[in-house]
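Undergrad: Sharing a structure, written as structure tokens. Questions coming.
Just so you know, all these numbers are worked out from the coordinates, no wet-lab data involved. Please read all numbers here as calculations on a predicted model, not as lab measurements. Don't worry about glycine lacking a Cβ; one is built from the backbone with ideal geometry, like all the others, and counts go over all protein chains shown.
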Amino acid sequence: MNTLASICALSLAAVLLPAAAAGKLSPAQQAYQQERARCQRGETNQDRATCLKEAGAAYDEARRGRLGAAPAAADLSRNATQRCDAQPAADRDACLQRLQAPAQGSAQGGGVIRQVESPK
């Protein structure tokens, strides 16, 4: 696994170093270098090897023009609603109520909690 990571790092360095030396990094290269630095500093909630692998994969996708922008809020809301639609009818309304409840916590902190209280 370390050999594969080393090969990936060397191949990416071969692509990035000439551009960095010329001071002309593309936005994809800049994003890759920033993400790689975050991985090295341990600022993500992934182990270093996984973080570097994901950063490299994102860079490859960006170079191919297949790395899209973050989804719009409407898209995220529609996706969440569709997930509730997949629930059994008895659970669907409770799922939709949880979507509208205020969230506490974060993914990096261990999870996001939404709480809805209803009379029994």
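Undergrad: Looking at (1) at negative phi; (2) assigned to a loop (DSSP other than H, G, I, E, B), can you tell me which one ARG83 breaks?
TA: So the condition that ARG83 fails would be (2).
Undergrad: Oh, and also: Run GLN108 past the list (1) assigned to a helix (DSSP H, G or I); (2) loosely packed, with under 10 Cβ neighbours inside 10 Å and report the number of the one that doesn't hold.
TA: In the conditions (1) assigned to a helix (DSSP H, G or I); (2) loosely packed, with under 10 Cβ neighbours inside 10 Å, GLN108 misses (1) alone.
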